[in-house]
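J.: Got a structure for you, questions after.
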Amino acid sequence: MFRLTNERLGWLVSIALLILVLYPLLAVVIQVLLPGVFFGNWVIGDLSLLLEIFKRPLWQKSLENSLLLGIGTTLIGTLLGGVLATVRSTWRFPTAGLLDAAVWLLLIMPSFILAQGWVMFSAQQGLAVNLFGWDWVPGAVFQPAGLTVIMTLSKFPLAYLSMKAAMEWKVQQLSDAARLGGASPIKVWATIQAPLLLPALLAGAALVFMDTIGDFGLPSSIAAIYRFPTLPYSIYSALYTSPIRFDMAGVLSFYLVLLISVAMLLQFAAMRRSRFDFMSGGAVPSVPKEAGKYRWLLAAGNIVFLLVIIGIPIGSSLMMSFMQAQGGGVKAENLTLANYAALFDGGFQLLHGLGRSLMIAASAAVIGLVVGLLVAFVLTYSQFRFRRGIEVLSLVTLAVPGVVLGIGYIFVWNQRWLEPLGLLLYGKPAILVLAAIAGAIPVITRIMVGAMAKVPQSFLHAAGLQGDSLLRRIRRILLPLMRGALLSAGLAAFGASVFDLAVNSVLFPPNYITFPVAINKSFEDMRFGYASAATILGGGVVVAIILVIELLFRRKEARS
């Protein structure tokens, strides 16, 4: 009889991550070295094709734009996030809590929806021109520098959270000693506090760079207004041209993965050389102090900043959803509910897309919870020899762009020998579920690991001594103690999967349009009001589902 042990569980988890994550990513590299190998052609690739990126104008421009956007956003976003985190951790002022809420909202909100809001605000007939008469906005936004600013305002939360977490503690003794020696507050910060924050700064910068260079939302959203090809968007275009350019998709994916790998290696190297363990050096919790006479100035500046980063992208979508014509302005004759009524016309196609996306997200959340729970168990309680590899694989989809993951899934699940086995998944909804599970595993695993850290391993050992199997211990001891974390992890994975544009754009089957693809296609067709109404409706449905599930869970907990 098969009995599950810690060692066997480690191998099962390794196989699952190998299939879901590692094999698709390796397939991208293999396709470059052996083009056509996944379609039955054993031919060694022409490695000179890798150098074509410096000769072909589109490939070269895509690489240049990605680097420009990535480096620019990293520099400005890390600086902005660091300054805001410093201000937030140093002073108390009204509306400070709203900044934290806005940061989390920006992290949760899909990038293509934020980008669409900026486009509707900044277009030639957009809200900035029609409402405020700002004729300079389109020219300022639709250029590389303007797009870098927009991307910065979407990605800075990664640096903000990294820096803010590092500022929760401070070595007050060193600062007091420096002040007694006559150092000014600025010199104290520059010579003591800033070096201690260097690891967090580097981690935040790496996160901003990786998330920016792999972003598919912004280039896909501005394609209808301004041509700015990047590596992710050119990879997507290679799959939807005639003929399909797998060679181009493979080469560009290779360079995208290479850039992200270099960023990760630089981060690891820098952090090894700048490790500061100061928790035992007299560190005390950092408590923000009153801003005094500057409190209302900081509050006013914060409100203006929030109006820009939240009010413009989300407010533009909300306003546009009630407008009949984009250039008609906010007038009574231009306000309408026709955009929302149109969502229920034409055979409810968009609502069918929403239903499909909800089904895919729910399936990914449930299956991802099982996989993520087992991964977290191995990382927390097991002494499995390949734990470090499992930890890396459980996080890698956070860094790897969805477009690259989608390309890998095409290569893996579009092979002839899979058809007799019933596993030829390309062109079927099941492949979207698998990709969604791979994308959800990092979020679920991180939440599960944090929750399991609070459950002593002695509880499980005691049950094991009484003869309980491993699965029985998980079911009867671990799961009841982690119900809240399970719910949070599942809902987080569910919400993120509904609006995953990159994977859906690459893998959606014929005649099986999902919700984010339907919104993006409407936006590309310049149907801004319809796309905005769909975004508001879909977002409202997802939020309502999450709130209802949380309410039912809390009532059940209260009764028990």
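J.: Once phi is turned into θ = phi - 60°, what whole-Hz ³J(HN,Hα) does the Karplus curve with 6.51, -1.76 and 1.60 give for every residue of segment 144-149, x standing for Gly and Pro?
T.: x, 5, x, 5, 5, 5
J.: Per-residue counts of other Cβ atoms within 10 Å, averaged by peptide: what ranking do you get for 216-229, 289-302, 199-212, highest first? Please report the intermediate quantities before stating the final value.
T.: Working: 216-229: 21.4, 289-302: 13.2, 199-212: 23.9.
The most tightly packed comes first, giving 199-212, 216-229, 289-302.
J.: Per 10 Å bin, what percent of the C-alpha pairs of segment 58-138 does each bin hold, from zero upward?
T.: Once binned at 10 Å, the Cα pair distances of segment 58-138 give 15, 26, 39, 18, 2.
J.: Still on this structure: Distance from the Cα centre of segment 468-502 to that of segment 503-560, in angstrom?
T.: So the two Cα centres are separated by 21 Å.
J.: Determine, from the Cβ-Cβ distance of Val392 and Val548 and an R0 of 41 Å, the FRET efficiency 1/(1 + (r/R0)^6), rounded to the nearest 0.05.
T.: The calculated FRET efficiency here is 0.65.
J.: Another question, then. So what are the ³J(HN,Hα) numbers for segment 479-489, from phi and the Karplus equation (6.51, -1.76, 1.60; θ = phi - 60°), rounded to whole Hz, Gly and Pro as x?
T.: Karplus-based 3J(HN,Hα) across segment 479-489 equals 4, x, 7, 10, 4, x, 5, 4, 5, 4, 5 Hz.
J.: Quick one: Karplus J couplings for segment 288-293, per residue in order, coefficients 6.51, -1.76, 1.60, θ = phi - 60°, nearest Hz, x for Gly and Pro?
T.: x, 9, 4, 7, x, 5
J.: What spacing in nm lies between the two simple spin-label points modelled at Ile303 and Ala430, each 7 Å away from Cα in the Cβ direction?
T.: With each label point 7 Å from Cα toward Cβ, the separation is 5.7 nm.
J.: Which pairs in the list Lys454/Lys556; Lys428/Lys556; Lys428/Lys521; Lys61/Lys521; Lys331/Lys521; Lys164/Lys556 are over 30 Å apart, alpha-carbon to alpha-carbon?
T.: Pairs exceeding 30 Å: Lys428/Lys556; Lys164/Lys556.
J.: A further question on this structure: Determine, from the Cβ-Cβ distance of Ala338 and Ala140 and an R0 of 30 Å, the FRET efficiency 1/(1 + (r/R0)^6), rounded to the nearest 0.05.
T.: Rounded to the nearest 0.05, the efficiency is 0.40.
J.: How far apart, in nm, are two points set 7 Å out from the Cα along the Cα-to-Cβ line at Tyr512 and at Glu557?
T.: Placing both labels 7 Å beyond Cα along the Cβ direction yields 3.6 nm.
J.: Would you pull out the residues with amide H under 5 Å of Met323's amide H, same chain only if 5 or more places away, H placed 1.01 Å from N?
T.: Thr336
J.: Still on this structure: How long are the semi-axes of the equivalent ellipsoid of segment 309-419, taking √(5λ) for every eigenvalue λ of the Cα gyration tensor, in whole Å from largest down?
T.: The equivalent ellipsoid of segment 309-419 has semi-axes of 44, 20, 15 Å.
J.: Would you pull out the residues with amide H under 5 Å of Val400's amide H, same chain only if 5 or more places away, H placed 1.01 Å from N?
T.: Excluding prolines and chain starts, which carry no amide H, there are no hits.
J.: Now a separate question. Can you give the relative contact order of segment 410-560 as a percent, counting alpha carbon pairs under 8 Å and 6+ residues apart?
T.: On the way: 85 pairs, mean separation 37.1, N = 151.
Result for segment 410-560 is 25 percent.
J.: Gain in length, Glu64 to Tyr294, computed as 0.36 nm per residue apart minus the alpha-carbon separation, to one decimal in nm? Please list the in-between numbers first.
T.: On the way: separation 230, 0.36 × 230 = 82.80 nm, distance 4.25 nm.
Residue separation times 0.36 nm, minus the Cα-Cα distance, leaves 78.5 nm.
J.: Search the structure for amide H atoms under 5 Å from the amide H of Trp91, placed 1.01 Å from N in the peptide plane, and list their residues when 5 or more places away or on another chain.
T.: Placed amide hydrogens put Lys289 under 5 Å from Trp91.
J.: I need the peptides 144-150, 249-255 ranked by packing, meaning the mean over residues of other C-beta atoms within 10 angstrom, with the highest value on top. Mind showing how you got there, number by number?
T.: Numbers: 144-150: 18.1, 249-255: 24.9.
Going from most to least packed, we get 249-255, 144-150.
J.: What does the charge add up to near Ala531, with Lys and Arg as +1, Asp and Glu as -1, over the other residues with Cβ less than 12 Å from its Cβ?
T.: Once all neighbours under 12 Å are counted, the net charge is 0.
J.: Given 0.36 nm per residue, what is the gain on full extension from Ser469 to Gln349 after removing their alpha carbon distance, in nm?
T.: Stretched fully, the Ser469-Gln349 segment lengthens by 38.4 nm.
J.: Arranged by the count of other C-beta atoms within 10 angstrom, fewest first, what order do Arg56, Arg88, Arg245 take?
T.: With the sparsest Cβ surroundings first, the list reads Arg56, Arg245, Arg88.
Computed from the coordinates by the stated procedures, all read-outs in this text should not be read as laboratory data. All of these numbers come straight from a predicted model, not from anything done at the bench. All Cβ positions, glycine included, derive from the backbone under ideal geometry; neighbour counts span all protein chains shown.
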